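Just below is one structure, and these are the notes that go with it.
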Amino acid sequence: MPQHVVAKVGEIEPGTSKIVSVNGRDIGIFNVKGEYYALLNRCPHEAAPLCRGRIVGMVVSSDVGKFEVLRHGEMLRCPWHGWQYDIRTGQSWCNPEEARVRRYNVTVEPGERIAKGPYIAERFAVSVKDDYIVLEV
């Protein structure tokens with residue numbers, strides 16, 4: 001599968017995201033506690049721009065009036081209807097059996113592996129004829 005460089009490591013701080021366009025698809029790149037994840041920017045519920053939603057924690061309740069926030073910064077809330085998805089897996093919290101966001105593999109690669117040298121500039125022959133500069137392409 002083709003790889004695409006989408007950001008430098010320091011560009012996406014922990015707890016934040018960046019939306020990139022790759023081959024006509026908008027994809028959200030998320031930094032969750034130093035690990036990177038990518039989700040398609042489309043909510044499976046009603047096609048909202050999911051990656052523009054808030055990054056939140058998971059709220060659980062053990063009894064009426066009692067709740068606890070777990071997994072801070074690991075859930076993504078859809079901006080239209082509030083459906084929540086696990087950033088790490090794309091799994092829906094509201095409808096886990098049927099709804100899942102498309103996820104993509106993300107790796108961190110050293111710069112020298114991505115841009116290998118030595119670099120050779122393309123050269124063109126140039127000559128001067130009767131006071132005109134002529135370029136051969």
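Brief remarks follow.
- Looking only at residues in the range 79-123 that are modelled with pLDDT of 80 or more and among the aromatic types (Phe, Trp, Tyr), the one that is farthest from residue 54 (Cα to Cα) is 104.
- Residues that are more than 15 Å from the chain's Cα centre (by Cα) and either among the polar types (S, T, N, Q) or crowded, with 17+ Cβ neighbours inside 10 Å (or both), drawn from the range 38-55: 44, 45, 48
- Note on the range 19-37: residues that are crowded, with 17+ Cβ neighbours inside 10 Å, of a type in the set (A, V, I, L, M) and within 22 Å of residue 81 (Cβ to Cβ) amount to 1.
- Scanning the range 41-50 finds no residues that are part of a strand (DSSP E or B), out of contact with any Gly (no Cβ under 6 Å at 6 or more places or on another chain) and not polar (S, T, N, Q).
- With respect to (1) out of contact with any Phe, Trp or Tyr (no Cβ under 6 Å at 6 or more places or on another chain); (2) closer than 17 Å to residue 36 by Cα; (3) outside any strand (DSSP E or B), the lone exception for residue 97 is condition (2).
- Residue in the range 87-104 that is among the aromatic types (Phe, Trp, Tyr) and in contact with a Ser or Thr (Cβ under 9 Å, 6 or more places away or on another chain) present: no
- Test: residue 13 is acidic (Asp, Glu), part of a loop (DSSP other than H, G, I, E, B), loosely packed, with under 15 Cβ neighbours inside 10 Å and free of Cβ contacts under 8 Å to residues at least 24 places away in the same chain: yes
- Residue in the range 69-80 that is loosely packed, with under 12 Cβ neighbours inside 10 Å and either in a loop (DSSP other than H, G, I, E, B) or more than 24 Å from the chain's Cα centre (by Cα) (or both) present: yes
The values are calculated or read from the model by the stated rules, or taken from the named source; none is laboratory data. What you see is a predicted model, and the numbers here were worked out from it, not measured in a lab. Neighbour counts run over all protein chains shown; Cβ positions are idealised from the backbone, glycine included.
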